[in-house]
Amino acid sequence: MKLRHAIAFLALGAAVAQAQPPGAGHSPYAGQQSRDIKALSEDEVKGLLAGAGLGYARPAELNRYPGPMHALEHAEALQLTSAQRERMQALMKSHKAEARELGARLVALERELDQLFANRKATAESVDRVLLQIGEATARVRGSHLKTHLEATAILTPAQVDRYVELRGYGGGAHHGHRH
């Protein structure tokens, strides 16, 4: 008897769920309408303005092209020479300055796009114009991060790259024939 009650209860629940009008649930965007820039979370804005990686260099990082920040974090384990440390620190400093500037440009463009819609001034032409600028700005931000990994890798020896890969948890130290 208990089994019948359980089945009837489940069937009733399914019928009630199906009777809900379309759109009765919450959108995955619910709560985001109060964001300053709707397309970017607060963390994304902070990261872009700080010059943070935000995963932009993942293709480099995961294909044996170390980044300067993590190379410096692991300087002892990588046995960086003083010359390598100095070069890596200079690279990191110049990259962060560039990434902050590029990130600020991208945030400003995302804000401009958001304002087009918020002020009900969006047209197909204005959206296309800003989207092209956002695409270029995004490519510049990502390119800065990726190219910095290229430069950092050139500072390291193949053995240091192997050790970096190991320290970062990307697998063993085998070189796999990749060149840098």
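A crude spin-label estimate for the pair Asn63 and Arg120, with each label 7 Å from Cα along the Cβ direction, gives 4.8 nm. Identify all lysines with a Cα-Cα distance to Lys121 below 30 Å; exclude those on the same chain that are fewer than 8 residues away in sequence. Here the lysines satisfying the reach criterion relative to Lys121 are Lys38, Lys46. Among the trypsin sites (Lys or Arg not before Pro) within the stretch 99-139, those in coil by DSSP and having at most 13 neighbouring Cβ atoms inside 10 Å are Arg120, Lys121.
Rounded to whole numbers, the Karplus 3J(HN,Hα) couplings from phi for the stretch 128-142 are 4, 4, 5, 4, 4, 5, 5, x, 5, 5, 5, 4, 5, 4, 5 Hz, using 6.51 cos²θ - 1.76 cosθ + 1.60 with θ = phi - 60°, and x at Gly and Pro.
Let me have the relative contact order for the stretch 37-167, percent, based on Cα pairs under 8 Å that are six or more residues apart. Relative contact order here is 43 percent. Bridgeable aspartates and glutamates around Lys147 (alpha carbons under 20 Å apart, same-chain partners fewer than 8 residues away excluded): Glu61, Glu73, Glu86, Glu98, Glu101, Glu136, Asp162. Phi angles across the stretch 91-104 convert, under the Karplus curve 6.51 cos²θ - 1.76 cosθ + 1.60 with θ = phi - 60°, into 3J(HN,Hα) values of 4, 4, 5, 5, 5, 4, 4, 5, 5, 5, 5, 5, x, 5 Hz, Gly and Pro given as x. For the stretch 160-171, 3J(HN,Hα) computed residue by residue from phi via the Karplus equation (6.51, -1.76, 1.60; θ = phi - 60°) reads 5, 5, 4, 5, 4, 4, 5, 4, 7, x, 9, x Hz, glycine and proline entered as x.
Each value in this text was obtained by applying a stated rule to the coordinates, not by laboratory testing. Here the structure is a predicted model, which means the values were calculated and not measured. Heads up, the Cβs are rebuilt from the backbone with ideal geometry, glycines too, and the neighbour counts pull from every protein chain shown.
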